[in-house]
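Input: a single structure, listed below in structure tokens.
The values are calculated or read from the model by the stated rules, or taken from the named source; none is laboratory data. Computed from a predicted model, the values in this text were never measured in an experiment. Methodologically, a virtual Cβ is constructed for each residue, glycine included, from the backbone with ideal geometry; neighbour enumeration extends over all protein chains shown. We work out accessible area using only protein heavy atoms, side chains counted, and drop any ligands, DNA or RNA first. Shrake-Rupley method; radii C 1.70, N 1.55, O 1.52, S 1.80 Å.
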Amino acid sequence: LLKTVNAKYVRGWDDPRMPTISGLRRRGYTKEIINTFCNDVGATRAMNVIDMAKLFQVARMKLADTTRRAMACLEPIKVVISNFAEEAAKAGEAGMTFEVQNSPTDESLGMHSVTMTESIFIDSEDFRLEDDPNYFRLAPNKPVGLKYFGGNLICDKVVKDGEKIKELKCHVDNSADRPKPKSHITWVPSDGITCEVRVYNHLFTVPEPSDLWEDELNPESEVLYPNAIIDPSVLSLVDKNNVDKWQSNQALQFERLGYFVVDIDTTFDSSTNEGKLVFNRTVNLKEDKAVKKVSDAEAEKKRKHAEQQRKDAEARDILMKIEPKDLFRLAPEYQGKYSKYDDTGLPTHLADGTELTKSAMKKLDKERAKHAKKFAKNKK
């Protein structure tokens, strides 16, 4: 860990990828999450490896009950609704403002409102130029539901800047006989708050780093989304004056994306809408296939580790039955290595007849002395 900090592979000891208290706190792991995790796994003197997925699951369970929801886009695409004025007129006094529970499972957490505007933002993951039978989000001329609005969004035209999608020209359909969409996507109004989102993954590509740890660093352990946007209902919750490096900061669930926490790099002033707003991902909403693949690999490594431990224990049992004077003649690890021995059983020649140097014999004598102590202790 010291090497990763000194080589600047991470931001410091409190980097959200670091297995330190300050790192965990910065990533959004509260004292309740950490204490629950520790109580669940228990304490043992034996060397043990705990799957990180267990910590992630505890975080999900704790945050699900206490975290308010908000809509966000990590890589936003602008959507212009051509018939917005017409649909807004039909909506009546309420207009295009919708009341949303902060938590769908706990009414006591209150409500917040979201207002649809003529232009909105959707996440790039929710749009494809080419449709697919197994794809249920937005594609040209294919309806998809807009969360909380209730109606459908249909893409009529794609505006591109080179190969990059610049804007989508769409219309909404809230008619009674509209086709039922197969899914609903989230969106952010035009007055959403721009922010930087840092998505964190495992620091290493393997469960237990080896001496080649630099080659095992995960190049995607931190993925930055510098132009993300979040709905303005969270404005009062993310002010810089509420940020403290010594406590767990404001946590939010970005709908369909995961649990996120305000980072200490935040300088955002909610009264002026100026400054930088930064979020760190604590954990995704559910364990994905990639995590399961890692878990399978880790399970296989644990199986091999347990098998090696069993073999090592058997070898120790065999060793403890060998007298010190016969160590180099009978111990499995020395079989076939030496051809001649002195009167005390210490090797003097290698198997090919090469005479051992005095320093080599001295080293073997020390090994025998260590074995003699263990052998005597085992006899008691």
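With respect to Thr66, is the statement that it is open to solvent by 40 Å² or more (accessible area, probe 1.4 Å), at negative phi, over 29 Å from the mean Cα position of the chain (by Cα) and among the polar types (S, T, N, Q) true? It is false that Thr66 is open to solvent by 40 Å² or more (accessible area, probe 1.4 Å), at negative phi, over 29 Å from the mean Cα position of the chain (by Cα) and among the polar types (S, T, N, Q). Of everything in the range 230-248 that is more than 16 Å from Asn273 (Cβ to Cβ) and out of contact with any Ser or Thr (no Cβ under 6 Å at 6 or more places or on another chain), the residue that is most open to solvent (accessible area, probe 1.4 Å) is Trp246. Name the single residue, out of those in the range 298-334 being open to solvent by 60 Å² or more (accessible area, probe 1.4 Å) and touching a Pro at 6+ places or on another chain (Cβ under 8 Å), that is modelled with the lowest pLDDT. So the residue we want is Lys301.
Put simply, of Asp14, Asp40 the only residue that is acidic (Asp, Glu) and outside any helix (DSSP H, G or I) is Asp14.
For residues that are over 33 Å from the mean Cα position of the chain (by Cα) and surrounded by fewer than 16 Cβ atoms within 10 Å (Cβ to Cβ), scanning just the range 162-172, find the one that is farthest from Ser190 (Cα to Cα). Even if it seems obvious, please write down each step before you answer.
Step one: list which residues in the range 162-172 are over 33 Å from the mean Cα position of the chain (by Cα), which gives 162, 169-172.
Keeping just the survivors that are surrounded by fewer than 16 Cβ atoms within 10 Å (Cβ to Cβ) gives 162, 169.
Working: Gly162: 24, Lys169: 15 Å.
The extreme case among them is Gly162.
Considering the range 265-283, the residues that are over 15 Å from Leu224 (Cα atoms) and surrounded by fewer than 16 Cβ atoms within 10 Å (Cβ to Cβ) include one that is nearest to the chain's Cα centre (by Cα), namely Thr267.
Total residues in the range 203-213 satisfying the condition of being under 26 Å from Asp263 (Cβ atoms) and surrounded by fewer than 15 Cβ atoms within 10 Å (Cβ to Cβ): the figure is 0. Residues that are within 29 Å of the chain's Cα centre (by Cα), surrounded by fewer than 16 Cβ atoms within 10 Å (Cβ to Cβ) and acidic (Asp, Glu) within the range 108-131 comprise just one, Glu125. Would you call Val158 touching a residue at least 40 places away in the same chain (Cβ under 8 Å) and either surrounded by 13 or more Cβ atoms within 10 Å (Cβ to Cβ) or more than 34 Å from the chain's Cα centre (by Cα) (or both)? No: the conditions fail for Val158. Listed by first and then second residue, the pairs linking a residue in the range 342-366 that is under 12 Å from Lys325 (Cα atoms) and open to solvent by less than 60 Å² (accessible area, probe 1.4 Å) to a residue that is of a type in the set (Asp, Glu) and part of a loop (DSSP other than H, G, I, E, B), with Cβ atoms under 9 Å apart and 6 or more places separating them unless they lie on different chains, are Gly345/Glu323.
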